[in-house]
Amino acid sequence: MLGVLKAGSLLLYTLEDRWCDNQHGVSCIPDGAYRCIPHGWEANSPVRMKRTWEITNVPGRSAILVHAGNRDTDTEGCVLVGMGVYNGVLTSSVTAMEELRELIGANPFTLTIKTADDISLAA
């Protein structure tokens, strides 16, 4: 499911799984406002996905990240970001993550997900 993420003047595209009854690893996130916290920013962090953000307080779910990826097979129930979309695939996802890292850094933020597939964040 494609969407848009607006953060100040930054406009990115997002990709999530379709709704599958909020099942872990295969469903998009229900509409709402969620606190996102830094994930894997420590120098020796043992996590696989480094310098991302974890989306917290999703009812019945955990370990949901905002991270790089291009296809729906990359989502694993998370939110992917990209600079553009081509044939349903996100483009320049690593660049999009670099832009987010520069804008947000290792800081928490609020992510609002709306029915219109429109995602925005606020510091």
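Relative contact order for the chain using alpha-carbon pairs under 8 Å, separation at least 6, rounded to a whole percent?
Numbers: 286 pairs, mean separation 37.0, N = 123.
Contact order relative to length: 30 percent.
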Would the chain count as rounded, prolate or oblate if I go by the C-alpha gyration tensor, calling it rounded below 1.5 in a/c and otherwise prolate when a/b exceeds b/c, oblate otherwise?
rounded
Which value, in debye to the nearest 20, gives the size of the charge dipole of the chain about its Cα centre, when Lys and Arg are +1 and Asp and Glu are -1 at the Cβ?
180
Need one value: the accessible area of T73 in square angstrom, 1.4 angstrom probe, rounded to the nearest 10.
110
Just by accessible area at a 1.4 angstrom probe, what is the order of M49, M97, M83 from largest to smallest?
M83, M49, M97
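Would you calculate a helix-derived [θ] at 222 nm for the chain, using -39,500 (n - 2.57) for each DSSP H run of n ≥ 4 and dividing by the full residue count, to the nearest 500?
Working: 1 runs with 12 residues, N = 123.
When only DSSP H runs of four or more count, the value is -3000 deg cm²/dmol.
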The simple spin-label model distance between L10 and T110, using points 7 Å out along Cα→Cβ, in nm, is 1.9
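Rounded to the nearest percent, how much of the accessible area of the chain (1.4 Å probe, protein heavy atoms only) is carbon and sulfur? Please report the intermediate quantities before stating the final value.
Values: 3320 of 6440 Å².
Roughly 52 percent, rounded to a whole number.
The values are calculated or read from the model by the stated rules, or taken from the named source; none is laboratory data. The shown structure was predicted, so the numbers you read here are calculated from the model rather than taken from an experiment. Don't worry about glycine lacking a Cβ; one is built from the backbone with ideal geometry, like all the others, and counts go over all protein chains shown. Protein only, heavy atoms only, side chains kept; ligands, DNA and RNA dropped before computing areas. Shrake-Rupley method; radii C 1.70, N 1.55, O 1.52, S 1.80 Å.
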